[in-house]
Structure formats: C-alpha cells, structure tokens
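First up is the structure itself, then whatever we jot down about it.
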Amino acid sequence: VSGSTARAVEKITVSSMVELLNNIGSDRIIFLTPGVYKLSDALGFTSRNAKNIYERRMYITGVHNLKIIATGPGKTELLSPYSDSDVLLIKDCSDLELQNFSIGHVQQPKGCEGDALRLEASEKIKFDKMDIYGCGEDGLTLRYVDQLEVKDSYIHHCTYNLLDLSEVTHTK
C-alpha cells in the first residue's frame, strides 16, 4: 500500500500568449508550439493563476505540479517589450518545471529595470534547457526558494547581474 496519491495531469497545447495565460493552473503540462509569445499581445489579461495587468509582466501564483515545455524544431520565446517590468514572476508555487524556451526583454540600448525571471517563496522548481537573457536588470532573481534545479540552461546579457539570490536552499 502506497501513501502517495497519483495526480491527474491535463495536457494542453497552446500557440499564443492569451492561450498560455488562460491555461496556467495546477496539475498540467502545457506544450508551447514554436514561436514568440509576446506579453504585449495580452496586455490587460487576468485570470486566477496568471496575470499580465498593470505590472505588464506574466505572473504565476499559487500553482502546483505545472510543466511548461516548448515543442517542435523552431525557437520558442517568452518576450517582453516592457523594460521596467519583470518578464516572468513565479510566486508561491511548487513542483514547477520550465523546459526548452527563452525568456527575455526586447533589447534596449540603455538596459532594463525589470528582471527576466523572478522566483519568490516557491519550492521544487526546475529549469531545463532554458535561455534566460536581458537586457533585464538581473537574469534570474531568487527569494525564499527551496529545491531549485537548473540543467543545461544559459543566463546572459543582463544589465547588472546574471543571478541575484537570497534565502535559497538545496540547489543543483
């Protein structure tokens, strides 16, 4: 007799920023078709677990057991034209995996004030084959993160730092 409970996982394929935001949730695998997912295409969008409103960033909160995976032979990119905002903020999440896509800002000559990817108060987070880039202030910002795994990923071309972290435990 096992003490664990199997979770049903819904598999969803998306091809636009609005579809991606609309399908963020727990116990899911979201497959991204190749292409550019621009935050500006969903300005004002809001849902329970993902929002792109006044802050002009993608925000995932309170989600558990979510994978977002880019598929196909073409490049897949989550792109923000908003130099003063983070591209993606993940907060209060667990068992989350991002795989095989890029996250960054449109290049600005004077750099950016927002981070490419920011994680707060989350655990069991995995990045695999990710390309995280500026011109954001920091490539990857971590606050109160437990059990972070980064594999075959590249963080580059940031205005100030590639990595800014505090209160991070059990990383590999």
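Got a sec? Which of Leu89, Leu142 is part of a strand (DSSP E or B) and in contact with a Lys or Arg (Cβ under 6 Å, 6 or more places away or on another chain)?
Numbers: Leu142 fails: in contact with a Lys or Arg (Cβ under 6 Å, 6 or more places away or on another chain).
Residue meeting the stated conditions: Leu89.
Does Asp115 qualify as being open to solvent by 30 Å² or more (accessible area, probe 1.4 Å) and either free of Cβ contacts under 8 Å to residues at least 60 places away in the same chain or not in a loop (DSSP other than H, G, I, E, B) (or both)? Working first, answer last.
On the way: open to solvent by 30 Å² or more (accessible area, probe 1.4 Å): no; either free of Cβ contacts under 8 Å to residues at least 60 places away in the same chain or not in a loop (DSSP other than H, G, I, E, B) (or both): yes.
Spelling it out, it is not the case that Asp115 is open to solvent by 30 Å² or more (accessible area, probe 1.4 Å) and either free of Cβ contacts under 8 Å to residues at least 60 places away in the same chain or not in a loop (DSSP other than H, G, I, E, B) (or both).
Of everything in the stretch 118-139 that's part of a loop (DSSP other than H, G, I, E, B) and at pLDDT 95 or above, which residue is most open to solvent (accessible area, probe 1.4 Å)? Working first, answer last.
Within the stretch 118-139, the first condition is being part of a loop (DSSP other than H, G, I, E, B), and the residues that meet it are 129-130, 134-137.
Still in the list and also at pLDDT 95 or above: 129-130.
Values: Lys129: 100, Met130: 4 Å².
Looking at residues that are part of a loop (DSSP other than H, G, I, E, B) and at pLDDT 95 or above, I get Lys129.
For Pro73, work out the one condition from (1) assigned to a loop (DSSP other than H, G, I, E, B); (2) at pLDDT 90 or above; (3) within 21 Å of Asp131 (Cβ to Cβ) it doesn't fulfil.
The single condition Pro73 does not satisfy is (2).
Taking the condition of being farther than 22 Å from Lys75 by Cα and surrounded by 16 or more Cβ atoms within 10 Å (Cβ to Cβ), how many residues in the stretch 29-49 meet it? Give the steps one after another, and end with the answer.
So in the stretch 29-49, the residues farther than 22 Å from Lys75 by Cα come out as 43-49.
Going one step further and asking which of them are surrounded by 16 or more Cβ atoms within 10 Å (Cβ to Cβ), we end up with 45, 49.
Going through the stretch 29-49 one residue at a time, the tally reaches 2.
Looking at the stretch 144-162 only, could you name the residues that are hydrophobic (A, V, I, L, M, F, W, C) and under 16 Å from Ser122 (Cβ atoms)? Give the derivation first.
From the stretch 144-162, those hydrophobic (A, V, I, L, M, F, W, C) are 145, 148, 150, 155, 158, 162; that's our starting set.
Matches in the stretch 144-162: Val145, Leu148, Val150.
This table checks each residue for (1) open to solvent by 40 Å² or more (accessible area, probe 1.4 Å); (2) in contact with a Ser or Thr (Cβ under 6 Å, 6 or more places away or on another chain); (3) of a type in the set (A, V, I, L, M, F, W, C); (4) on the phi > 0 side of the Ramachandran plot.
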site	(1), (2), (3), (4)
Leu89	no, no, yes, no
Phe101	no, yes, yes, no
Gln107	yes, no, no, no
Leu142	no, no, yes, no
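The values are calculated or read from the model by the stated rules, or taken from the named source; none is laboratory data. What you are looking at is a predicted structure, and each value in this text was computed from that prediction instead of being measured. Neighbour counts run over all protein chains shown; Cβ positions are idealised from the backbone, glycine included. Only protein heavy atoms, including side chains, enter the accessible area calculation; ligands, DNA and RNA are left aside. Shrake-Rupley method; radii C 1.70, N 1.55, O 1.52, S 1.80 Å.
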